[in-house]
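Shown next, in C-alpha cells, is the structure this report addresses.
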Amino acid sequence: MSSMIEIYRASAQRKQRGLLAYIALIAVLVYVAATTTFDGYVTNILMQAVTYSVAVMGLTVVLGLCGQINLAQAAFFGLGAYAVGLGTVDYGLSYWICMGLGLIVVLGFGAFLGTSTIRLGGHYLAMVTISFQQILTLVMINWIPVTHGPDGVSRILKPTLFNTPQSYLAFCVVVLAVVGYLVWQLPSTKLGRAMRAVRDNELAAGVTGIDIQRTKVTAFAICALLGGLGGGLFAGGFSYVSPDQFSFAESIVFLTMVLLGGVASPIGAVIGTGLLILIPEWLRFLKSIPGLYLAIYGLAVILIVLFMPDGIWGFVVQRFKSLRGALRLSAELPELTLVQTQSHADDVLVVDNLAKHFGGLKAVDDISFIVKRGSVHALIGPNGSGKTTTLNVLSGLYTPTAGAVKLDGQDITHFAPHERTASGLGRTFQNIRLFRSMTALENVIIGVERPGNPVDHAPIALEGRARAALNFVGLGDRADELVTSFSYGHQRLIEIARALAGNPTLLLLDEPAAGLNSTEKMELRDLLKRIAAKGLTILIIDHDMTLVSEVAEHITVLNFGRRIADGDPVSVLNHPDVVTAYLGSDANAAH
C-alpha cells in the first residue's frame, strides 16, 4: 500500500505543477488585459469571447459530460444579463447583488427544466428546451413594463472596483479561468463520473447506485448557472442588453461553439467560441460581395465538424494521445476484501409471490424463492421462462405487478434501482453495460462509490480498491486502458469487478457465460468459485448447465413465468418437469 501512496503522491505533485503553470498563464493574461489599452472594437470582441466562453462551458457540462441536449442556453444567458441590467438601472442595486440574484433565478429555472424533462431524451428534450427558449424571448419582448421590451436596457453599471473597460475585461478573464478550472476538474470527481456514466449508459448507471434524476437535474442546473454567469458578465461589459441578443439563434450559436471546439472539454469551449467570433472578423473583407461571406463562413464550420467529429480540441488530444504513457502500477496491490453487512438473518433475498404482467402476458407469474446467505443460488429455465424479467424486477428496472421483495430483511419492493444498490444489491447484465468512454479503472471506481459501501471513500482508497478488484479478476495490469480496447470476455470481467468493488450483499449475475468460449468459461467458473469462497451471496442466471451444476448449491427453475422446481442441483436437474421443460415430453419418457 505504501507504493500506492507514493504513486498517488507523484500524481498529486504533477497536478500541482500543472495548476501552478495554469495560474501563471492566467496571471499573464490578466496583466495584459488590465494594462493594455485596446481599441474599443477589439475590447468588445474580447469581451464577447470571454463572456460567451463562460456560457458555452455550461454546455460542456450538460451535453459533453451528461449527454443531455440543451437548446435554451441563450435564455439562461439572457436571464443573467437582464438581472444585472434591470437591477442596476431600474432598482439601483449593487452589481454584485444583481449578479447573485440572477444566478439564483437561473439556477432555479435550470433545476426546473431538468426536473420537468427528466424522462425525455433526444428530439423530445430538444423540443422542450426550444419551447422554453422561445417563451422567454417572447416575455423579454412583450413584458414592456418590466423588461423595457424591444428597446432593451441601457446604461448598465459595472462594479465599482472594475469600472474601466480594461479592469472589467481582466475581471472577466479571472472568472473564465476559475470556471474553466472547475469544469476541467469535474470529470474526475464523483459527480463528474456520475454524469459520464449517465451519458454512456443510463441503465448501468442506475444499478451501480447513481441517482439518474439528481445527476441530470444537477447538470442542467450547473449549465444554467454558467449561462447566467456569462450573461451577467456580458451585461456589465457592454452596458446594454436587448431581447434580440438572447434569441433561439444565439442558442444555436452556443451549441455550434461547443461542438466546434470539442464538446467534452472547457478548452474546446474556449477554442470554439473564439473561432466563431473571430472567423467573421477575418472574413470582413468579403462582406462587399453579397453572399460570399456567409458561404465561406458556413463551409468552414461544416468542414471542421465533418473532419473533426470530436471537435478541434478532441482532434488535438487524439493526435497526441500516443505520446502520453499510461500509468502502469508495478506495486503489489492489496487483496480484495468483501465487507458484508452485520446481519444474523440466514435469508438474504426473499421473493414472495412475485408477478410481472405485460398486458395479458404473465412474464413472471406468482413465484417465490429464498436465497440463503453465503450461497450460490441459480435461477434457470428455457428461453422465455421469465428469468431475466425476474432479475429486472429484483433490481428495480421493472415495477412488479404483485408480490414483495426483501433484501437482508428490508422491503425493497418499491425502491428505485439506485436505492436498491445502496441497500446492497449488485448486478451485471447479459448484454455487457460498461461506460465506454472511461477506462477500466474509472468504471470500477464508480462501483466503489456506490452509496452505503462500507469502505474508505478517500480518493487514494477508492483507486486502491478499484485496482484490487481489477486485479482479483485478472486485469490489474490493464486498469488504465479504455474499456473499448478489451475483448468481449475481459469486458465481462470488468463488469463483474465493478459489481464486486461495491461490496454487495447480494450479487445478481445475468448469464455471465453468454458469448464466452470454452477457455473463458472455465476461467469464469474458477472466478465464481473464488468469489463464493469469500462468502458473497450470488444469484446467477445462465444457460450453461455445466457451469450452473459446478458452482450452484441451490437451483430454482422457471417455465412460462412459473416456478416448477426448487432444491439442490442433483434433484432439480433430474426432476421430470425440468427435463420436460428443457428437452420435451418424449425425452422425459425416455428418462
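Each value in this text was obtained by applying a stated rule to the coordinates, not by laboratory testing. Worth saying up front: this structure is predicted, and the values here are computed from it rather than measured. Ideal geometry is used to build each Cβ from the backbone, glycine not excepted, and the neighbour counts take in all protein chains shown.
Of note:
- Gain on full stretching of the segment that runs from L120 to V570 - 0.36 nm per residue minus C-alpha separation: 157.1 nm
- Neighbour-count ranking [beta-carbon atoms within 10 angstrom, fewest first] of Y31, Y240: Y31, Y240
- Neighbour counting of Cβ atoms within 10 Å sorts the residues D310, D411, fewest neighbours leading, into D411, D310.
- Simple spin-label estimate for L361 and K534 in nanometres, 7 Å along Cα-Cβ: 3.7
- Taking Cα centre as origin and charging only the Cβ of basic (Lys, Arg, +1) and acidic (Asp, Glu, -1) residues, the dipole magnitude of segment 466-531 rounds to 200 debye.
- DSSP bridge orientation in the chain - percent antiparallel, rounded to nearest 5: 60
- Percentage relative contact order, segment 49-132, counting C-alpha pairs under 8 Å, at least six apart: 34
- Of the labelled figures [x] 82, 70, 64; [y] 94, 56, 49; [z] 157, 60, 41, only one reflects Cα extents along the principal axes in Å as derived from the coordinates, namely [y].
- Membrane-span-like helices of the chain, defined as complete DSSP H segments with a Cα extent of 18 Å or more along the helix axis and a mean Kyte hydropathy of at least 1.0, are identified as 40-59, 73-89, 95-116, 122-142, 165-185, 212-238, 248-261, 266-282, 292-307.
- Using the average count of surrounding beta-carbon atoms within 10 Å as a protection proxy, the listed peptides 73-86, 383-396, 567-580 rank, highest first, as 73-86, 383-396, 567-580.
- Projecting the Cα atoms of I130, F109, Y41 onto the charge dipole of the chain (Cβ charges, centred on the Cα centre) puts Y41 farthest toward the positive pole.
- Full extension of the chain segment joining L25 with T164 gains 47.8 nm, where the gain is 0.36 nm per residue of separation less the Cα-Cα distance.
- FRET efficiency for the R436 to A249 pair, using the beta carbon distance and R₀ = 45 Å, is estimated at 0.85.
- The spacing between segment 148-213 and segment 99-134, judged by their C-alpha centroids, is 15 Å.
- Estimated from the Cβ-Cβ distance and a Förster radius of 45 angstrom, the FRET efficiency linking L278 and N517 is about 0.25.
- Taking segment 256-284 and a reference point 7 angstrom along Cα→Cβ of L303, the backbone N atoms nearer than 20 Å belong to 256-262, 271-284.
- Footprinting exposure proxy for R525, R563 (fewest neighbouring C-beta atoms within 10 Å first): R525, R563
- Helix-only [θ]222 nm of the chain, DSSP H runs n ≥ 4, -39500 (n - 2.57) each, per residue, nearest 500: -18000 deg cm²/dmol
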